[in-house]
Amino acid sequence: MLKISELIGKKIEQLSLGKTEHKVNDVLFREDDNRIGYIVYHVQTIAVDQTNPRDDGYMNKASTWVAGMNTSNVPSPGMMSHQESAASNKDTYYIPWPEVDGITEDKLIYHGNERQKSENDNCVSWKSYKELTVIHPDGRELGQISDGYLNPETGKIEGWEITGGFWKQLMGDGTKTIHLEGRPDWSRGEWRLQSEPEALMQEK
């Protein structure tokens, strides 16, 4: 199995181009079955704003205004030099999970040719799952979701890594892995279990 935290930050390679200039920034999961819907990455672009040079006679007028004065520091009449300002923009792209061909130790490989700029509304960012409080059926707070375990072949979340809360009091190190079970309650910031959690076997 693969930790979600290990997927974030992996290089992205387009199969036909072989380029790895971008990295995974987020993962979107389908709410209905907890499978990956999209891999998300950002592209930084620099937009340069050029102010058109002024040749409207402004400098000629300025020369007239300062006639008879010490003009050693006054620019020569003519065209004003243009100014440039750069602004950084961030574009977000989405790779549908079916287009992912494989995940290696350091990169994710996909075969799609088109980069999407929109995603399905029924998907939830991994960032929204992190730090949800896991609630036992008896009402105990078991801890917070700190990571998740994926099946790389299916893209499905198989279990959670939980830290803090009850497990920290019981085990000391504060970390426990459990099989995926239950549903999120987004309004309360909770993941509510419906049965006794089972330990997750972390297959290599």
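Nothing in this text is a laboratory measurement; each read-out follows from the coordinates by a stated rule. Given the structure is predicted, the values throughout are model-derived calculations rather than measurements. Heads up, the Cβs are rebuilt from the backbone with ideal geometry, glycines too, and the neighbour counts pull from every protein chain shown.
What to note about this one:
- Going from the fewest other Cβ atoms within 10 Å to the most, the residues H111, H22 appear in the order H111, H22.
- Considering all C-alpha pairs of segment 1-51, those separated by over 12 Å amount to 72%.
- As a proxy for reagent exposure, R192, R183 were ordered by neighbouring Cβ count within 10 angstrom, fewest first; the result is R183, R192.
- Local electrostatic count, G102, Cβ distance below 14 Å [Lys/Arg +1, Asp/Glu -1]: -3
- Neighbourhood net charge (13 Å Cβ-Cβ; Lys/Arg +1, Asp/Glu -1) for R35: -3
- Long pairs among K23/K127; K19/K156; K19/K107; K3/K23; K130/K156; K10/K127, criterion Cα-Cα beyond 21 Å: K19/K156
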